[in-house]
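Have a look at the structure below, then the notes.
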Amino acid sequence: MKNLVKFAGTALFTLATMTVVSAQEKDDKGKNPDSVRPIHESNVMWKQRLWRRMDLNEKQNQPFFSKSNEITKYLIEWVQSGVLQPYKGDSLRTKMTKEEFMKNMIFEGSVGTDALSDAEKAAGFGTTTAAKGGDDGWGDPAPKAPVAGGVAPAPVSTGSGDYVFAKDISILEIKEDAIFDRQRSRLYYDIQAITMKLPASQSAAGFEKEIASFKYKDLDKLFRSNPNCIWYNAENEAQHKNMADAFDLRLHHARLIKKGNAKDKYLADIYGGERQGLLKSQELDYELMEKEHNLWEY
């Protein structure tokens, strides 16, 4: 009899455990694992994938880029300490090692022309005006270095180079989903990934350089766990906010540069120029506002 009771208790416990696990699996299924606050697919009435470009030097974004409290400084420190996983691209599929990340942080101009390909050297990359004996920007032509024996010395590569500063990395590309939740009857912006980029003005090659991408779900946890990650409120210093809350409140300005399309092209490429792309981005933002209004009528 005791064995029968013991067996029945074990069976009931096992059944209850299976029920809980099954319920958990059922709840998790149909939700985006990269979302901070995932919305079940059955409640998604409409969704649009968007990419935005956030210039941290813009006045509205400077609270994220205050002195010694730059958002990029925290991202770099977290990767170096091993608490933040960088990725190759905002698809968040391929992980990046710490060594690869630090290699991307090297300023190309500090390692000489050995870091450039033959085609880049032929195009003039890596050769400064001062080296050519022209105007170095200070008003007077830069003196040419003396050449021994009539042969110019070969450039020397340091092998490691200098790393760019956090203040130099002023571009963030935000990948997010605009989702209309039928259950709550409102539009949500669900940030998926943030990509850190070195602007063209700080790149020796003359174009933007992608450093690494990060899962925003990881960043949200790290922002909230660190009280120093503040959005600096210059108007009322008693009301500084955490960077995670600032993103939730949409206190940043990030221009729309791409929306989901079959050819995965940016707006500037689709509409034939940066000016046309800018105008279209503003038009699309207005359309999103109108979309939220009109969805109430369905």
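The values are calculated or read from the model by the stated rules, or taken from the named source; none is laboratory data. Because the structure is predicted, anything quoted here is derived from the model rather than measured. Neighbour counts run over all protein chains shown; Cβ positions are idealised from the backbone, glycine included.
At a glance:
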quantity	calculated
Some residue of segment 241-254 being acidic (Asp, Glu), under 30 Å from VAL83 (Cα atoms), assigned to a helix (DSSP H, G or I) and free of Cβ contacts under 8 Å to residues at least 24 places away in the same chain	yes
Lone unmet requirement of (1) among the acidic types (Asp, Glu); (2) part of a helix (DSSP H, G or I); (3) at positive phi for ASP264	(2)
Residues of segment 252-265 that turn out to be touching a helix residue (DSSP H, G or I) at 6+ places or on another chain (Cβ under 7 Å) and either over 20 Å from LYS47 (Cβ atoms) or among the aliphatic types (A, V, I, L, M) (or both), as a count	5
Matching residues in segment 245-298 - criterion: being within 30 Å of PRO227 (Cα to Cα), basic (Lys, Arg) and touching a Leu at 6+ places or on another chain (Cβ under 9 Å)	ARG255
Residues (assigned to a helix (DSSP H, G or I), more than 15 Å from CYS229 (Cα to Cα) and touching a residue at least 60 places away in the same chain (Cβ under 8 Å)) located in segment 56-88	GLN60, VAL79
In segment 224-236, the residues that are within 18 Å of LYS73 (Cβ to Cβ) and either touching a residue at least 40 places away in the same chain (Cβ under 8 Å) or part of a helix (DSSP H, G or I) (or both)	ARG224, SER225, ASN226, ASN228, CYS229, ILE230, TRP231, TYR232
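For (1) exposed (fewer than 14 other Cβ atoms within 10 Å of the Cβ); (2) among the polar types (S, T, N, Q); (3) modelled with pLDDT under 95; (4) assigned to a helix (DSSP H, G or I), each residue gets a yes or a no:
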position: LEU222; (1), (2), (3), (4): no, no, no, yes
position: ALA238; (1), (2), (3), (4): yes, no, yes, yes
position: LYS258; (1), (2), (3), (4): no, no, no, no
position: GLY277; (1), (2), (3), (4): no, no, yes, yes
position: GLU290; (1), (2), (3), (4): yes, no, yes, yes
position: HIS293; (1), (2), (3), (4): yes, no, yes, yes
position: GLU297; (1), (2), (3), (4): yes, no, yes, no
